[in-house]
1. What are the residues in segment 102-118 that are part of a strand (DSSP E or B), touching a strand residue (DSSP E or B) at 6+ places or on another chain (Cβ under 6 Å) and either farther than 19 Å from Asn47 by Cβ or not hydroxyl-bearing (Ser, Thr, Tyr) (or both), if any?
2. Do we have Ile99 as buried (at least 18 other Cβ atoms within 10 Å of the Cβ), hydrophobic (A, V, I, L, M, F, W, C), without any contact (Cβ under 8 Å) to a residue 40 or more places away in the chain and in a strand (DSSP E or B) here?
3. Could you give every pair whose Cβ atoms fall below 7 Å, whose first residue belongs to segment 37-51 and is closer than 18 Å to Val114 by Cβ, and whose second residue is part of a strand (DSSP E or B) and among the aromatic types (Phe, Trp, Tyr), counting only separations of at least 6 or pairs across chains?
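Derivation of every value follows stated rules applied to the coordinates shown; laboratory data play no part. Just so we're clear, the structure is a prediction, and the values are computed from it rather than from any experiment. Cβ: placed from backbone, ideal geometry, glycine included. Neighbour counts: every protein chain shown.
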Amino acid sequence: MVSMVAVAVAAIGSPAATVARGYALDPTARSYSGSYPVTVTGTQHGNFTGCLTLTRSGSATLVLGSQKFPYGTYLVGNRIFVATIQAQGYSQNAGLLFIAPAGRQLGQGVYEEVYGGENFKSGALAFGAKGGC
């Protein structure tokens, strides 16, 4: 089974995307800066809602209840949005990925939690309105 991360990386890896400061400079990439409610459902280890904040410089942070994840980046390429948040306390090989179509708004997508290069948890991803958290 092909991982959604592999599909997203393959799609973004086109020569059309220009990478700088950790994110692809798709003409719309900076327009996504702001805070978005994110809801993940259908996971094998529990559903959750949080707040994903994106900056114009390409950094991303996540808040899940009282838990804060301050280290992350995002990119937009080939109309695909990918945010990667470092999962603290596990290792440098742990990450939370938010993958969705990028149009005028961020669409419904896929969430994947990766530990040691393996999928640990995945589910359906829904973005709320920009500024909603």
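1. Result: Ala102, Leu106, Gly109, Val110, Glu112, Glu113, Val114.
2. On the way: buried (at least 18 other Cβ atoms within 10 Å of the Cβ): yes; hydrophobic (A, V, I, L, M, F, W, C): yes; without any contact (Cβ under 8 Å) to a residue 40 or more places away in the chain: no; in a strand (DSSP E or B): yes.
No; evaluated as a whole, the condition is false for this residue.
3. Matching pairs, first to second residue: Val38/Phe98; Val38/Phe127; Val40/Phe48; Val40/Tyr111.
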